Amino acid sequence: MTLTEQIITILMVVLGTMATRFLPFIVFPSGKPTPKYVQFLGKFLPPAVFGMLIVYCLKNVDIFAGSHGIPELISIIVVVALHLWKKQMLLSIAVGTVCYMLLVQFVF
């Protein structure tokens, strides 16, 4: 990329980032109530995304070959148990990921 292309790319990234940061405050000002469809999306979209993520992560697991899906099952149990105990989503995801990687690298 030339210097001009690099500058244009950086400016477009900055513009896109600023637009996504400021747009919600412009569209939904603090004095107005949040529309019902936005509340609905805020309530149901995160679980739907996690459901799709689970399906995506487990789609290639073959229980009849290799480690038989045992590292995946153990990691899922760790994530669920930790989330029920601590109620910290990022902690659950991080510990589950580390658990899976350690199982795959050192145990299975």
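The values are calculated or read from the model by the stated rules, or taken from the named source; none is laboratory data. The shown structure was predicted, so the numbers you read here are calculated from the model rather than taken from an experiment. Reconstructed Cβ throughout: ideal geometry from the backbone, glycine too, with neighbour counts over all protein chains shown. Heads up: the accessible areas ignore ligands, DNA and RNA and are worked out on the full protein's heavy atoms, side chains in. Shrake-Rupley method; radii C 1.70, N 1.55, O 1.52, S 1.80 Å.
A compact table of results
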quantity	calculated
When residues of region 64-76 are limited to those that are of a type outside the set (Asp, Glu) and not in a loop (DSSP other than H, G, I, E, B), the one nearest to Gln105 (Cα to Cα)	Pro71
Matching option when the condition is assigned to a helix (DSSP H, G or I) and without any contact (Cβ under 8 Å) to a residue 12 or more places away in the chain, among Val61, Val79, Val49	Val49
Any hit, region 18-27, residues being open to solvent by less than 100 Å² (accessible area, probe 1.4 Å), closer than 26 Å to Phe108 by Cα and either of a type in the set (Ser, Thr, Tyr) or part of a loop (DSSP other than H, G, I, E, B) (or both)	no
Restricting region 79-108 to residues that are more than 18 Å from Val55 (Cβ to Cβ), modelled with pLDDT under 95 and among the β-branched types (Val, Ile, Thr), the residue that is least open to solvent (accessible area, probe 1.4 Å)	Val104
For Gly69: the one exception among (1) open to solvent by 60 Å² or more (accessible area, probe 1.4 Å); (2) out of contact with any Phe, Trp or Tyr (no Cβ under 9 Å at 6 or more places or on another chain); (3) on the phi > 0 side of the Ramachandran plot	(1)
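Results for (1) over 22 Å from Leu90 (Cβ atoms); (2) among the β-branched types (Val, Ile, Thr), shown as yes or no for each residue.
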| site | (1), (2) |
| --- | --- |
| Val14 | yes, yes |
| Arg21 | no, no |
| Phe28 | yes, no |
| Gly66 | yes, no |
